[in-house]
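The values are calculated or read from the model by the stated rules, or taken from the named source; none is laboratory data. Since the model is a prediction, treat every value here as computed from it, not as a measurement. Cβ: placed from backbone, ideal geometry, glycine included. Neighbour counts: every protein chain shown.
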Amino acid sequence: MRDPKPGTAWSVGRARRRAAYAAWMTSAGWARQRDAWLAEWARRHPGRPPVCAACGEAWDPRRGDLHHRDYRRLGTEAFSDLIPLHRSCHDQLHQLLERAARPPRTRRAQASDAVLTHLRSTHRSTPGR
């Protein structure tokens, strides 16, 4: 679980939500949810393995992460709530999300999508990719 930004503290409600998230991410239910996501990927994309949504390279669920675009359905995530990312790409996405000044009422999913678009363009413009 990520710590609060330096110089800030979490509210009691935020700390509870983060604890619930941490518990979910280490649960057998989350392992089943990941398996279900992979099965749905295979159904939607026959014969095509998942790729990292940021860099486009092959994604391996044992070494990669599924990023939550939104936490509103935590525990009952829809396929579209989760994005496959390499751990390094996932870390980059969160660093940019945390630094970004979001307009009020911008949902986390919208912010994640905007940062992901930026990461994709960065990876496309990197020599050797």
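Quick one: what pairs do we get from region 13-24, first residue in a helix (DSSP H, G or I) and among the small types (Gly, Ala, Ser), second modelled with pLDDT under 90 and exposed (fewer than 13 other Cβ atoms within 10 Å of the Cβ), C-beta under 8 Å, 6+ apart or different chains?
Every condition considered, the pairs that remain are 19/1; 22/1.
Hey, can you tell me all the residues within region 33-71 that are under 17 Å from the mean Cα position of the chain (by Cα) and basic (Lys, Arg)?
Residues satisfying the conditions are 34, 62, 63, 69.
Of all residues in region 78-96, how many are under 22 Å from residue 43 (Cα atoms) and either exposed (fewer than 13 other Cβ atoms within 10 Å of the Cβ) or among the small types (Gly, Ala, Ser) (or both)?
Within region 78-96, residues that are under 22 Å from residue 43 (Cα atoms) and either exposed (fewer than 13 other Cβ atoms within 10 Å of the Cβ) or among the small types (Gly, Ala, Ser) (or both) number 3.
I need a count of the residues in region 63-79 that are under 16 Å from residue 36 (Cβ atoms) and part of a loop (DSSP other than H, G, I, E, B).
6
Quick check: is even one residue across region 15-25 at positive phi and loosely packed, with under 14 Cβ neighbours inside 10 Å?
Checked against the condition, which is being at positive phi and loosely packed, with under 14 Cβ neighbours inside 10 Å, region 15-25 yields no hits at all.
Outside any helix (DSSP H, G or I) and in contact with a Pro (Cβ under 7 Å, 6 or more places away or on another chain): is that true of residue 85 in this structure?
Spelling it out, it is not the case that residue 85 is outside any helix (DSSP H, G or I) and in contact with a Pro (Cβ under 7 Å, 6 or more places away or on another chain).
Just to verify a result, which residue in region 38-56, among those that are over 25 Å from residue 124 (Cβ atoms) and out of contact with any Phe, Trp or Tyr (no Cβ under 6 Å at 6 or more places or on another chain), is surrounded by the fewest Cβ atoms within 10 Å (Cβ to Cβ)?
46
Collect the residues in region 64-96 that are among the hydrophobic types (A, V, I, L, M, F, W, C) and either in contact with a Lys or Arg (Cβ under 9 Å, 6 or more places away or on another chain) or under 20 Å from residue 17 (Cβ atoms) (or both), keeping them in residue-number order.
66, 74, 78, 79, 82, 83, 93
Under the condition of being over 14 Å from residue 112 (Cα atoms) and surrounded by 14 or more Cβ atoms within 10 Å (Cβ to Cβ), which residue from region 57-77 is modelled with the lowest pLDDT?
Only one residue tops the list, namely 61.
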